[in-house]
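What follows is a set of notes on a single structure, which appears directly below.
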C-alpha cells in the first residue's frame, strides 16, 4: 500500500511537470514566429497541437521559454515584432538559416538574453541602437549578413560581452570608441566590412582580448601604441587595410601569438619575441604595385 501511494505521488508530480503551461502571450509569439518563418518547411518543424515543451529547439523553465535553438533549420522569412514578448529568453540561436528583413526594435525587450546568434542569414538594415539595452548579453554573432550603416555606439554598453562578431556585412564608418569599454571581451571580429578611420586607442583597455580580426576594411592611420597593453592577444589579423604605420606592432608582446596576419608595406618590422615555430605569420601585401587582388 505504501509503495502504491509513493508511485501515485511520483506520477502526480510528473503530470504536473509535463503539463506545465507557457503563457498565452509567449505561446502566441512563438506561433507567429513559426508562421512568419515558413514553419511548415523547416527541417524539423513544430507540431502546434502539442505543448510548447515538445517543440524542437525550445527549452522551457518555470513555465517560460528560456532558449530557442533552431540552428540550420531552413527558416525563411522575417522575425515578427511580437518576438519581443519572449522576455525570459536567455539563448537565441537562429544561425545558418535564410532569415531576411530587418531586426525588430522589440528585440530590445529580451533583457535576459545572454546569447544571440544570427550569423549566416540574409538580414538587412541597420543594427538597432537598442542592442545596448541587452545588458546581460555575453555573445553576439551576426556575421555574414547584409547589415548596413555604422556600428551602434550603444554596443559599448554591453559590458558582459565576451564574443562580438559583426564580420562580413556592409558596415561603414568609424569603429566606435565605446567598444573599448567591453572589459570582458575575448573575441572581436569586424572582418570584411568598409570600416574606416583609425583603430580607437581605447582598444588598449581590452586586456582580456584573445582574438582581434579587423582585416579587409578601409582602416587607416597608425596602429595605436596602446596595443602593447593587449597581453592576452593570440590572434591578430589586420591585413588589407590602409594603415600608414605599423611601427607600434613592434612594441607588442608577440610571444603568445598563434596567428599574426598583416601587410608588410614598405616597413620591415622587427618582432624580437615572435616565435615563428608556433605562430602563423603572413605578409599579405602584394609586391607588384600594379596588381589588383580580388578580395571578394
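Within segment 59-83, being surrounded by fewer than 21 Cβ atoms within 10 Å (Cβ to Cβ), farther than 21 Å from residue 120 by Cβ and over 19 Å from the mean Cα position of the chain (by Cα) holds for 59, 60, 61, 62, 63, 64, 81, 82.
Could you check, for segment 229-241, whether at least one of its residues is within 26 Å of the chain's Cα centre (by Cα), assigned to a helix (DSSP H, G or I) and within 17 Å of residue 199 (Cα to Cα)? Yes, some residue in segment 229-241 is within 26 Å of the chain's Cα centre (by Cα), assigned to a helix (DSSP H, G or I) and within 17 Å of residue 199 (Cα to Cα). For segment 115-137, a residue qualifies if it is in contact with a strand residue (DSSP E or B) (Cβ under 9 Å, 6 or more places away or on another chain), modelled with pLDDT of 95 or more and either within 13 Å of residue 84 (Cα to Cα) or surrounded by fewer than 17 Cβ atoms within 10 Å (Cβ to Cβ) (or both), and the qualifying residues are 122, 124, 125, 126, 134. For the structure I just gave you, tell me whether residue 84 is assigned to a strand (DSSP E or B), touching a residue at least 12 places away in the same chain (Cβ under 8 Å) and over 28 Å from residue 236 (Cα atoms). For residue 84, the condition - assigned to a strand (DSSP E or B), touching a residue at least 12 places away in the same chain (Cβ under 8 Å) and over 28 Å from residue 236 (Cα atoms) - is not met.
Within segment 204-228, the residues that satisfy the criterion of being touching a strand residue (DSSP E or B) at 6+ places or on another chain (Cβ under 8 Å), crowded, with 20+ Cβ neighbours inside 10 Å and not in a strand (DSSP E or B) are 206, 209, 214, 215, 217, 223. Criterion applied to 21, 50, 31 was being modelled with pLDDT of 95 or more and not in a helix (DSSP H, G or I), and the one residue passing it is 50. All conditions in (1) part of a strand (DSSP E or B); (2) in contact with a strand residue (DSSP E or B) (Cβ under 6 Å, 6 or more places away or on another chain); (3) closer than 21 Å to residue 118 by Cβ hold for residue 147, with the sole exception of (2). Taken across segment 172-185, residues that are out of contact with any helix residue (DSSP H, G or I) (no Cβ under 7 Å at 6 or more places or on another chain), at pLDDT 95 or above and part of a strand (DSSP E or B) do occur, with at least one present.
The values are calculated or read from the model by the stated rules, or taken from the named source; none is laboratory data. In this text, all values refer to a predicted model and were calculated from it rather than measured experimentally. Don't worry about glycine lacking a Cβ; one is built from the backbone with ideal geometry, like all the others, and counts go over all protein chains shown.
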